[in-house]
Amino acid sequence: MPALLVWHFAVTCVLCGLIWTIQLLHYPLMADVGAESFSAYHLAHTRNITPLVGPLMLFELASGAWLWLDGQRSPAFLLSLGLLALVWISTALLQVPLHHQLAGGFDPAVHARLVHSNWIRTLAWSGRLLCLVPAFLARP
């Protein structure tokens, strides 16, 4: 089995677990921080999560493209790449702008949109993981 496929699968597993933790635990807890502490909390969140998630997402994107260029064309793998595109589009068009709005202070409506819209990424990463299992298991 190509090492790149193993690493691609492993990083997707990590990101899938991380997004579920953020979706079910971290984002909902933002509502309990309190207005006076929220801006500092949110700044710490974005400063700490970006160096963790950013390189993993970039590796997932680059390794997925490399695997595709290398001939990985199973329908499940191609679907996983479509879901990866959805993750990136959702991140850029929904979650990042909502985080920018929350940087100015807690707003219950913006927070609710962040939590609800993040289901797109949560389900897309979960779908990616399910799509990659057959590609991962099929390799000798």
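The values are calculated or read from the model by the stated rules, or taken from the named source; none is laboratory data. Being a predicted model, the structure only gives us computed values, none of them experimental. Cβ: placed from backbone, ideal geometry, glycine included. Neighbour counts: every protein chain shown.
Quick one: is Leu130 assigned to a helix (DSSP H, G or I), without any contact (Cβ under 8 Å) to a residue 12 or more places away in the chain and under 19 Å from Leu24 (Cβ atoms)?
For Leu130, the condition - assigned to a helix (DSSP H, G or I), without any contact (Cβ under 8 Å) to a residue 12 or more places away in the chain and under 19 Å from Leu24 (Cβ atoms) - is met.
If the Cβ limit is 6 Å and pairs must be 6+ apart or interchain, which residue in the stretch 84-95 that is at negative phi pairs with which residue that is of a type in the set (Gly, Ala, Ser) and surrounded by 14 or more Cβ atoms within 10 Å (Cβ to Cβ)?
Short answer, once both residue conditions are applied: Leu84/Gly64; Leu86/Ala124; Val87/Ala124; Leu94/Ser117.
Look at His111 and say whether it is surrounded by 14 or more Cβ atoms within 10 Å (Cβ to Cβ), under 14 Å from Phe38 (Cβ atoms) and under 16 Å from the mean Cα position of the chain (by Cα).
Taking the combined requirement at face value, the residue does not satisfy it.
Quick one: would you say Pro75 is exposed (fewer than 13 other Cβ atoms within 10 Å of the Cβ) and closer than 19 Å to Leu130 by Cβ?
When the stated conditions are applied, Pro75 passes them.
For the stretch 83-103, indicate whether the set of residues that are over 12 Å from the mean Cα position of the chain (by Cα) and not in a helix (DSSP H, G or I) is non-empty.
Within the stretch 83-103, one or more residues are over 12 Å from the mean Cα position of the chain (by Cα) and not in a helix (DSSP H, G or I).
Counting just the residues of the stretch 1-40 that are surrounded by fewer than 15 Cβ atoms within 10 Å (Cβ to Cβ) and aromatic (Phe, Trp, Tyr), which one comes out farthest from Phe136 (Cα to Cα)?
Selected residue: Trp20.
Among the listed residues Arg113, Arg128, identify the single one that is in contact with a helix residue (DSSP H, G or I) (Cβ under 9 Å, 6 or more places away or on another chain), among the charged types (D, E, K, R) and under 19 Å from His8 (Cβ atoms).
Arg128
If you check Ala76, Ala65, which single one turns out to be under 19 Å from Trp7 (Cβ atoms) and either outside any helix (DSSP H, G or I) or modelled with pLDDT under 95 (or both)?
Sole residue among the options that is under 19 Å from Trp7 (Cβ atoms) and either outside any helix (DSSP H, G or I) or modelled with pLDDT under 95 (or both): Ala76.
Does Leu58 fit the bill of being surrounded by 18 or more Cβ atoms within 10 Å (Cβ to Cβ) and either under 24 Å from Trp7 (Cα atoms) or in contact with a helix residue (DSSP H, G or I) (Cβ under 8 Å, 6 or more places away or on another chain) (or both)?
No, not satisfied.
Checking Met30 against (1) within 21 Å of His100 (Cβ to Cβ); (2) of a type outside the set (Lys, Arg); (3) out of contact with any His (no Cβ under 7 Å at 6 or more places or on another chain), which single condition isn't satisfied?
Checking Met30 against (1) within 21 Å of His100 (Cβ to Cβ); (2) of a type outside the set (Lys, Arg); (3) out of contact with any His (no Cβ under 7 Å at 6 or more places or on another chain), the one that fails is (3).
Results for (1) closer than 16 Å to Trp125 by Cα; (2) outside any helix (DSSP H, G or I); (3) not hydrophobic (A, V, I, L, M, F, W, C), shown as yes or no for each residue.
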{"position": "Leu15", "(1), (2), (3)": "yes, no, no"}
{"position": "Ile22", "(1), (2), (3)": "yes, no, no"}
{"position": "Tyr41", "(1), (2), (3)": "no, no, yes"}
{"position": "Ala44", "(1), (2), (3)": "no, no, no"}
{"position": "Leu56", "(1), (2), (3)": "yes, no, no"}
